[in-house]
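Derivation of every value follows stated rules applied to the coordinates shown; laboratory data play no part. Quick caveat: nothing in here was measured; it's all calculated off a predicted structure. Cβ atoms come from the backbone with ideal geometry, glycine included; neighbour counts cover every protein chain shown.
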């Protein structure tokens with residue numbers, strides 16, 4: 001059957017299922033009550049296939065909207081780039097929000113203030129004061145910690161770094177750790193107030209250590225981020241809890257921060273070093289959440305506007321048996337008036353139109369991924385998700401909107417002539433993002 005015919009058939013099937021859900025009153029499992037039937041005259045439901053049962057119990061999110069937008073449960077297609085040696089294979093499960101309505105949400109770059117500092121510290125520091133270690137010889141431990149953190153971040157960067165630079169960073173990290181250990185052995189504690197201090201350039205921040213149940217933690221907060229991290233990696237390779245248990249713990253910390261109504265976990269995985277689990281939280285509005293992506297929107301806009309980077313808002317937590325051992329909430333949004341709710345089924349482009357744009361544009365958008373002579377590149381798209389994405393204003397530095405977008409997630413593999421492949425895998429990497437309202441392609445690197 002041709003793809004168009006298949007999509008129409010699936011749409012009809014979804015419409016029929018949608019019409020059936022909610023038209024009667026659910027009784028106990030295995031029993032159903034007809035509209036005009038008394039409760040004592042029940043009859044057994046016919047046995048359903050696993051697929052029918054999955055749909056009947058609502059496990060396919062947003063089934064009414066799926067039917068209206070002609071969204072199948074999976075989509076498969078193979079297209080080629082502008083060069084024949086770039087193959088784009090799509091075999092993807094499709095996810096859509098549970099709510100039929102959405103909002104156009106104006107947002108602007110926000111910043112943390114003193115009240116936020118008190119709230120965050122109250123939720124994370126277990127009532128303990130901040131302190132710093134003062135060295136009689138004048139060695140600044142905070143400065144060493146800052147240098148150490150910067151180099152470790154560079155070393156762990158998703159973009160990676162050349163071997164020579166990696167070796168140099170590892171040597172510098174080792175030396176900084178030695179300096180820190182030596183300075184710490186001669187230092188004494190001095191409690192510091194829980195307030196922002198201003199540096200010579202007018203930047204506000206607070207930095208200190210706190211003795212928590214799990215050990216010494218480093219707490220740092222500025223107007224644009226808050227970070228809690230473990231000072232030592234010791235004992236972090238013995239995580240025994242499940243991912244589900246870890247996520248429940250993360251949700252409890254989120255609730256303690258007062259953010260459970262505004263954020264939801266949109267992605268999670270086991271940490272690469274097996275120390276625990278990593279969870280990514282993004283803003284939610286009703287039944288819709290902002291889609292998480294590996295790209296952070298941290299690139300500047302280099303056209304005539306010349307706008308500086310405006311990274312996406314993100315909250316990350318790392319959890320192990322003892323609880324939280326890392327948290328970072330960065331680049332908060334400030335929401336403005338949302339306005340009226342919109343009907344997704346009526347205002348979003350049908351899925352087949354989105355797919356038409358996708359198959360036409362992805363070979364152009366990803367042409368830079370075409371490999372060198374004698375090589376073949378394969379892009380595999382395995383997940384398609386409808387949710388919010390941020391687009392920047394045309395003329396304002398740090399203002400924009402959260403709008404419905406279709407994100408196509410995938411990875412890249414490059415093969416030489418002998419099919420010896422090297423994978424360039426990045427968790428939740430968006431190959432292409434399409435505005436669900438007007439079909440324009442969104443640059444995830446800049447958020448424009």
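Can you tell me which of 383-389, 289-295, 75-81 comes out highest on packing, and rank the rest after it, using the mean Cβ neighbours within 10 Å? If you can, show how the numbers build up before the last one.
On the way: 383-389: 23.0, 289-295: 21.4, 75-81: 14.9.
Put in order of decreasing packing, that is 383-389, 289-295, 75-81.
Whole-Å semi-axes of the range 309-367's equivalent ellipsoid, largest first, each the root of 5 times a Cα gyration tensor eigenvalue?
Computed over the range 309-367, the values are 34, 22, 14 Å.
Between the range 125-159 and the range 181-240, how far is it from one alpha carbon centroid to the other, in angstrom?
6 Å
For labels at residue 200 and residue 77 in the simple 7 Å Cα→Cβ model, what's the distance in nm?
5.7 nm
Principal axis extents for the range 130-193, Cα atoms only, whole Å, descending order, please.
Taking max minus min along each principal axis of the Cα atoms, the range 130-193 gives 40, 23, 13 Å.
On full extension of the chain, what length is gained from residue 146 through residue 104, given 0.36 nm per residue of separation minus the C-alpha to C-alpha distance? Each step should come with its number before you reach the end.
Values: separation 42, 0.36 × 42 = 15.12 nm, distance 3.93 nm.
Residue separation times 0.36 nm, minus the Cα-Cα distance, leaves 11.2 nm.
With label points built 7 Å along Cα→Cβ from the Cα atoms of residue 274 and residue 383, find their separation and express it in nm.
Going by the 7 Å Cα→Cβ label model, 2.4 nm.
If the chain between residue 192 and residue 248 were fully stretched, how many nm would it gain, using 0.36 nm times the residue separation less the Cα-Cα distance?
16.9 nm
Can you pull the percent of Cα pairs in the range 209-344 with separation above 22 Å?
I get 46 percent for the Cα pairs in the range 209-344 exceeding 22 Å.
For the pair residue 368 and residue 397, what calculated FRET efficiency results from E = 1/(1 + (r/R0)^6), where r is the Cβ-Cβ distance and R0 = 25 Å, to the nearest 0.05?
E between residue 397 and residue 368, to the nearest 0.05, is 0.40.
Rounded, prolate or oblate for the range 63-164? Axes are the square roots of the Cα gyration tensor eigenvalues, ordered a ≥ b ≥ c, and the cut-off for rounded is a/c under 1.5. Write out the running numbers ahead of the final one.
On the way: a/c = 3.85, a/b = 1.65, b/c = 2.33.
Verdict is oblate for the range 63-164.
Quickly rank 111-118, 64-71, 95-102 as a protection proxy: mean count of other C-beta atoms within 10 Å, highest first.
64-71, 95-102, 111-118
Sort 395-402, 180-187, 316-323 for me by packing, meaning the mean count of neighbouring Cβ atoms within 10 Å per residue, highest on top.
The packing order, highest mean first, is 316-323, 395-402, 180-187.
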